[in-house]
Amino acid sequence: MQPRNLAARIGGWSARHRRTAILGWLAFVAVAGLGVGAAGTTAMAGYEDESGDSRRAGQIIEEAGFPDVAGETVLIQARDGRLTADTAAFRQAVQDVKTSVEATGQAQRIRTPYDSGDPAPRTADGTTALVLFDMTGAGKTAGERVQPVLDAVAAVQERHPGLRIEQAGTASLQRLAGVALARDFQRAENLSLPITAVILLLAFGTLLPMLIPLTMSMTAFFAATGLLAVASKALHVADTTTSLMLLIGLAVGVDYSLFYLSREREERARGRSRQQALDTAAATSGRAVLISGCTVILAMAGMFLTGNGVFMGFAQGTMLIVLTAMVASVTVLPATLAILGDAVDARLIHGIVRTTTRGRITWPRRLGAWTGGGRTWDTILTGVLRHPWISTVLATAVLIALAVPALGMRVGQPGVDDLQGDYPIAGTYAAIDHAFPGGNEPAVVAIKAPDVTDPAVQDAITRLEQRALGTSTAHQPVSVQVSPDRTVATVALSVGDGESGRRAVQTLRETLVPQTVGAQPGVRAYVTGSAAATMDFNRQMARTAPLVFGFVLLLAFLLLLISFRSIVIAVQSILLNLLSVAAAYGVLVLVFQHGHGAGLLGAAPAAIVNWLPLLLFVILFGLSMDYQVFILSRIREAHDGGMPAPDAVEHGIKSTASVVTSAALIMVAVFAVFGTMSLVSFKQMGVGLAVAILIDATLVRAVLMPATMKLLGRHAWPTTLTPDKPAETEQEAIPVA
């Protein structure tokens with residue numbers, strides 16, 4: 001008999017009060033998802049995803065009440081260098097752009113290089129010029145109105161084939177790239193469920209084992225998004241949080257449902273009564289679900305230590321989805337199994353196919369799906385356990401070889417070049433940036449004062465511009481804006497990108513700003529912009545990432561130690577998971593930084609986006625613990641039952657092989673969908689997660705884990721740390737339908 005642990009007591013209550021448990025869960029989902037979620041999730045403000053001075057500057061600008069406008073730029077560039085801004089043909093093209101854009105009724109404050117007051121910029125050689133304007137109406141909805149302007153500019157291009165005439169800006173990026181990205185996310189979310197359903201159906205051959213995990217996952221996701229709507233009132237979240245929650249929800253929801261479902265079916269296949277099967281599943285797999293869920297939640301909680309708004313929002317959302325999935329798995333799932341009983345194995349699809357084809361198409365019942373692995377797993381494990389030293393050395397060598405490239409990882413802030421694929425706007429931005437370095441993403445000095453129009457403050461702003469241009473810290477174009485209440489001014493300075501941009505920001509922060517506007521009484525001034533935000537983010541991650549890693553590793557170690565009462569097992573689990581993460585980092589560098597296979601994904605070689613390594617570590621460490629805890633629970637159960645350590649290892653891994661394989665295939669397939677998206681950052685995330693799960697479920701769990709446990713032998717389960725064997729006590733009966 002199994003001990004009456006917490007999971008067994010929860011499962012027993014749910015099975016005895018199965019209708020109450022199911023109706024209670026549905027009511028909770030309805031209230032959380034429909035009632036609470038009706039308020040909507042509160043998205044973070046633009047500055048809340050930034051750090052340091054960039055965040056302070058962003059908050060000053062956000063609260064200043066600047067008009068919500070979307071700026072647009074039209075590039076006019078000579079194709080062969082013969083036409084310049086001083087030629088009649090070039091002038092005519094610029095005038096044509098101005099007239100055509102103005103005629104749409106969607107543009108205001110149009111500036112050209114030929115204006116006498118505040119001209120738009122042109123290059124020194126005259127081969128490139130810009131036409132600048134703002135969209136009418138609210139900037140946040142400008143993408144919905146920009147198409148007539150895009151069409152007008154395209155018509156001008158047709159009339160002037162000797163020039164390159166293209167449009168870029170906030171509104172056009174919303175319209176062209178935003179629609180594509182929304183389509184990408186929609187496709188990823190739409191493919192996730194069918195992929196999961198197909199793999200489950202192929203793995204288990206019956207309908208209900210496919211529907212139960214999907215139903216558990218989706219109801220948990222629906223409830224968690226409702227809870228997030230409430231939580232986001234206090235801690236705002238990024239728009240991508242719910243997409244990440246769907247990924248994590250599918251992963252852990254399917255895992256936990258399969259762990260529980262497979263054990264109940266396995267016990268029935270062994271001839272146990274339905275009551276005994278539910279008892280055992282609740283006490284064993286239910287306990288594994290609780291341990292695994294708590295470990296994942298603690299791993300996700302580590303992101304709070306970053307102090308970054310995006311990561312903290314991710315932590316909030318992922319913790320909620322894991323918690324709801326865990327609760328569903330130990331409450332409503334046993335209640336559902338108590339009602340369905342052996343109908344879980346009903347071969348509805350098989351029956352329909354067999355009847356339709358008059359018996360010509362049929363297939364045997366997949367009892368192996370519940371009772372263990374198969375010939376492939378048997379063959380692999382037999383070889384691994386027969387030669388544990390060789391298996392350990394070879395597997396470790398492969399993982400280290402994969403991880404070595406990670407030592408040369410370069411991280412960078414995603415910019416316009418993050419958009420890959422057939423998007424001409426990316427090329428337009430690149431051409432503008434080449435002609436006017438830093439003009440696309442300038443350094444912005446946010447100045448807060450009682451009155452920024454005060455002569456002394458205005459004089460300081462003028463001196464800041466002059467010194468920035470005079471020392472080549474910045475170059476044209478330079479623009480100054482004043483808020484309606486005259487308490488905030490912004491100075492946008494074009495700086496270079498890369499190392500030159502970082503040097504410019506450093507000079508502004510350390511020298512020019514403190515000696516000009518920063519020296520005025522009662523004035524606060526901070527520098528923001530793309531380069532500044534990257535510097536601040538990297539500085540904050542360098543300070544907080546060690547805290548996150550240490551927090552996750554320490555709490556995971558303590559939880560494993562408490563759960564399995566073995567220091568050796570806890571240390572081994574941590575090391576195996578770290579090897580999986582390191583190998584995933586190495587593969588990311590090989591593919592995306594070195595370019596090996598990047599072309600197949602439609603991506604050019606680039607740095608790894610700076611937020612990805614930490615996010616991958618937290619997610620992969622948490623998800624890897626699912627498999628580790630599930631397998632260890634079976635090994636520990638067999639060992640505590642008197643089975644010798646080598647036999648317990650073989651039994652534990654073989655008995656969980658098919659479930660781990662199926663769950664891993666689902667996660668690999670779902671994560672791989674993100675490798676097809678338009679943003680390189682999401683390609684990197686999808687490939688990193690998919691590769692890591694594949695490595696973890698195969699090389700680590702099928703080779704390295706059993707080999708090292710065979711070598712550890714009885715030392716993995718020290719006698720002094722092994723609890724007494726559970727007494728043979730009568731358990732309260734769990735009635736089943």
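The values are calculated or read from the model by the stated rules, or taken from the named source; none is laboratory data. Predicted, not measured: the structure shown is a model, and the values here were computed from it. Because the Cβ atoms are built from the backbone with ideal geometry, glycine has one as well, and the counts that use them run over all protein chains shown. To get the accessible areas, we keep the full protein, side chains included, count just its heavy atoms, and leave off ligands, DNA and RNA. Shrake-Rupley method; radii C 1.70, N 1.55, O 1.52, S 1.80 Å.
Over all orientations, the stretch 393-534 has a Cα convex hull whose mean projected area works out to 12.4 square nanometres. Taking a sphere under 13 Å around the Cβ of A155 and counting the other residues whose Cβ falls inside, with K and R at +1 and D and E at -1, yields a net charge of -3.
For the stretch 142-214, the average shadow cast by the Cα convex hull is 7.8 nm², which is a quarter of the hull's surface.
Listed peptides 55-65, 311-321 appear in the order 311-321, 55-65 once ranked by packing, highest mean of other Cβ atoms within 10 Å at the front.
Given a cut-off of under 8 Å on Cα pairs at least six residues apart, what relative contact order in percent is computed for the stretch 152-261? About 24 percent, as a whole number. Taking only the C-alpha atoms of the stretch 550-695, the Rg (one decimal) and the largest Cα-Cα distance, Dmax (whole number), read 17.4, 56 Å. To the nearest 500 deg cm²/dmol, what mean residue ellipticity at 222 nm is calculated for the chain from DSSP H runs of n ≥ 4 alone, each contributing -39,500 (n - 2.57), summed and divided by the residues? Mean residue ellipticity, 222 nm, calculated: -19000 deg cm²/dmol.
Amide H to amide H, with H built 1.01 Å from N, A107 comes under 5 Å of T136, counting only residues 5 or more places away or on other chains. Taking 0.36 nm per residue of separation and subtracting the Cα-Cα distance, full extension of the segment from F66 to T376 would add 105.1 nm.
For the chain, a crude dipole built from +1 on the beta carbon of Lys and Arg and -1 on the beta carbon of Asp and Glu, taken about the Cα centre, is about 2580 debye to the nearest 20. Shown for the chain: the carbon plus sulfur share of the solvent-accessible area, taken with all protein chains present and a 1.4 angstrom probe, equals 60%. Helix 88-103 and the longest principal axis of the Cα set of the chain meet at an angle near 60°.
A probe of 1.4 angstrom, applied to the heavy atoms of all protein chains, finds R122 with accessible area near 90 square angstrom. To the nearest 10 degrees, how steeply does helix 208-231 sit against the main Cα axis of the chain, on a 0 to 90 scale? Long axis of 208-231 versus the principal axis of the chain: about 50 degrees. Which label belongs to the value computed from this structure, given these candidates for Rg/Rh (Cα atoms, Kirkwood Rh): (i) 1.05; (ii) 0.95; (iii) 1.02? Structure-derived value, by its label: (i).
Partner aspartates and glutamates whose Cα lies under 15 Å from the Cα of K140, excluding those fewer than 8 positions away in the same chain, are identified as E62, D68, E72, D239. The distance between label points at A197 and S500 comes to 5.5 nm (points 7 Å beyond Cα on the Cα→Cβ vector). Convex hull volume per residue, computed on the Cα atoms of the stretch 252-306, equals 56 Å³. Hydrodynamic estimate: the Kirkwood radius of the stretch 526-603 over Cα pairs, inserted into Stokes-Einstein at 25 °C and 0.890 mPa s, corresponds to D of 156 µm²/s.
Within the stretch 490-560, all pairs of alpha-carbon atoms sorted by distance into 5 Å bins from zero give the percentages 3, 14, 18, 16, 12, 10, 7, 7, 6, 4, 2, 0. Helix 645-673 and the long axis of the chain differ in direction by around 30°, with both axes built from C-alpha atoms. Derived scalar couplings between HN and Hα for the stretch 19-25 equal 5, 4, 5, 5, 5, x, 5 Hz in order, rounded to whole Hz, by the Karplus curve 6.51 cos²θ - 1.76 cosθ + 1.60 (θ = phi - 60°), x for Gly and Pro.
For the chain, averaging the sequence separation of C-alpha pairs within contact (under 8 Å, six or more residues apart) and dividing by the residue count gives a relative contact order of 20 percent. Computed with the Debye formula from one identical point scatterer per Cα of the stretch 1-122, without solvent, the log10 of I(q)/I(0) at q = 0.16 Å⁻¹ comes to -0.98. Across the stretch 57-62, coupling constants 3J(HN,Hα) worked out from phi with the 6.51/-1.76/1.60 Karplus curve, θ = phi - 60°, read 5, x, 5, 4, 5, 4 Hz, and Gly and Pro carry x. Once you place label points 7 Å from the Cα toward the Cβ at L340 and S472, how far apart are they in nm? According to this spin-label approximation, the distance is 7.1 nm.
Report note on the peptides 266-274, 589-597: ranked by the mean count of other C-beta atoms within 10 Å, highest first, their order is 589-597, 266-274.
Ranked by the mean number of other Cβ atoms within 10 Å of their residues, highest first, the peptides 698-711, 70-83 fall in the order 698-711, 70-83.
Hey, what did the stretch 457-522 get for relative contact order, percent, Cα under 8 Å, at least 6 apart? RCO, the stretch 457-522: 37 percent. Across the stretch 534-548, coupling constants 3J(HN,Hα) worked out from phi with the 6.51/-1.76/1.60 Karplus curve, θ = phi - 60°, read 4, 4, 5, 5, 4, 5, 5, 5, 4, 7, 9, 4, x, 5, 5 Hz, and Gly and Pro carry x. In summary, the lysines within cross-link reach of K654, defined as a Cα separation below 22 angstrom excluding same-chain residues under 8 places away, comprise K710. Between R79 and A545, the C-beta separation translates, for a Förster distance of 60 Å, into a calculated FRET efficiency of about 0.80.
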